[in-house]
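A short write-up of the structure that comes next.
The values are calculated or read from the model by the stated rules, or taken from the named source; none is laboratory data. Predicted model, so just to flag it, every value in this text is computed and none were measured. Counting neighbours? That spans all protein chains shown, and the Cβs are built from the backbone with ideal geometry, glycine included. Quick note on the areas: whole protein, heavy atoms, side chains included, nothing else; ligands and nucleic acids left out. Shrake-Rupley method; radii C 1.70, N 1.55, O 1.52, S 1.80 Å.
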Amino acid sequence: MTAVEELVEQLSPQQRVNTWFGYPTQKHYVHMSQALTLLGQTSRAYEAQTRALDLSRAPSLMTRALIAIDRASCLAHDGERAQAAHVAAQAYGDLPASYRAGLTRTRAVAFYRALPEDTSGRRDLAEVLEVAA
């Protein structure tokens, strides 16, 4: 993670443009959110999530939903499972139908499956995902 941070700091302004060939700061923080979440480094992940959201242009529906699912994963890791289920259900449930496929669905379902069955709010998440509880 440190090496990635150092590399990003070395990018020129032209390399940070928001094009297919650039790596904008916002995208970096979205990627950091996911990586730090998966590593269980929740303090750093929360910081990356906040920064990514600050840099995301409205509405950025998919980006905001993915970050919310990362946040839910961090909350669950930190022992706040009921709140985590609520955050994930709201994030996924607020998406228009056209955004409820692909990566957002995959990540939301993976989060749902990782929650212990006795988690308060897990059934609400299942209903939003329309998966068998």
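From the list Ala114, Ala65, which one is surrounded by fewer than 17 Cβ atoms within 10 Å (Cβ to Cβ) and among the small types (Gly, Ala, Ser)?
Ala114
Looking at this structure, is Thr19 modelled with pLDDT under 95, open to solvent by 50 Å² or more (accessible area, probe 1.4 Å), hydroxyl-bearing (Ser, Thr, Tyr) and more than 30 Å from Gly79 (Cβ to Cβ)?
Working: modelled with pLDDT under 95: yes; open to solvent by 50 Å² or more (accessible area, probe 1.4 Å): yes; hydroxyl-bearing (Ser, Thr, Tyr): yes; more than 30 Å from Gly79 (Cβ to Cβ): yes.
The answer is yes for Thr19.
Take Ala89 and decide whether it is modelled with pLDDT under 95 and among the aliphatic types (A, V, I, L, M). If you could, list the steps in order and put the result at the bottom.
Working: modelled with pLDDT under 95: no; among the aliphatic types (A, V, I, L, M): yes.
No.
On the basis of being open to solvent by 80 Å² or more (accessible area, probe 1.4 Å), under 19 Å from Gln34 (Cα atoms), at pLDDT 95 or above and not β-branched (Val, Ile, Thr), does Arg71 make the cut? Break it down stepwise before answering.
Numbers: open to solvent by 80 Å² or more (accessible area, probe 1.4 Å): no; under 19 Å from Gln34 (Cα atoms): yes; at pLDDT 95 or above: yes; not β-branched (Val, Ile, Thr): yes.
So Arg71 does not fit the description; no.
Mind listing whichever residues of region 22-61 are crowded, with 18+ Cβ neighbours inside 10 Å, within 12 Å of the chain's Cα centre (by Cα) and closer than 23 Å to Ala101 by Cα?
Tyr29, Val30, Met32, Ser33, Gln34, Thr37, Gln49, Ala52, Leu53, listed by residue number.
Looking at Ser12, Ser33, can you tell me which residue is polar (S, T, N, Q) and touching an Asp or Glu at 6+ places or on another chain (Cβ under 9 Å)?
Ser33
All but one of (1) modelled with pLDDT of 95 or more; (2) within 30 Å of Ala3 (Cα to Cα) hold for Leu55; which doesn't?
Leu55 satisfies every listed condition except (1).
Could you list, in sequence order, all residues of region 99-125 that are small (Gly, Ala, Ser) and under 18 Å from the mean Cα position of the chain (by Cα)?
If the condition is that a residue be small (Gly, Ala, Ser) and under 18 Å from the mean Cα position of the chain (by Cα), then Ala101, Gly102, Ala108, Ala110, Ala114 are the ones that fit.
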